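One structure is given below, encoded as structure tokens.
The values are calculated or read from the model by the stated rules, or taken from the named source; none is laboratory data. Remember, it's a predicted structure, so these values are computed and weren't measured experimentally. Surface accessibility is based on the protein's heavy atoms, side chains included, excluding ligands, DNA and RNA. Shrake-Rupley method; radii C 1.70, N 1.55, O 1.52, S 1.80 Å.
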Amino acid sequence: MRKENVAMQRLITSALNGFLLLAITIVSLPASALALPPVQGEVVSMTVGIPGTMVIRDEKGQLHILNLTQQTQLGGQFKVGDKVLAFFSPYGVSAVQSQTGSR
């Protein structure tokens, strides 16, 4: 029975060390590695206020809901039908740029 306990203890220790290494790796990643790719599309709807929302339809027809905080409140700058490029950080929407011209 002692051999089984020692083997189980080694297995548990090994698993915990693996989880610890994984956690350290994820925490040490730069914020840019965790950021989502930018979304390019057309503004479908806007709600004004804090917090506000902007819904964008991309080229594939998928809808992306952007939660706008006080720092990213863009209601006065964009309207439905505008072409935009939205950038994200691990904390939410970091910037939205107007895309002028046709493709």
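Phe19 meets all of the listed conditions (1) part of a helix (DSSP H, G or I); (2) at pLDDT 85 or above but one, namely (2).
The set of residues from segment 22-55 being open to solvent by less than 90 Å² (accessible area, probe 1.4 Å), among the small types (Gly, Ala, Ser) and either at pLDDT 85 or above or closer than 30 Å to Gly81 by Cα (or both) comprises Ala35, Gly41, Ser45, Gly49, Gly52.
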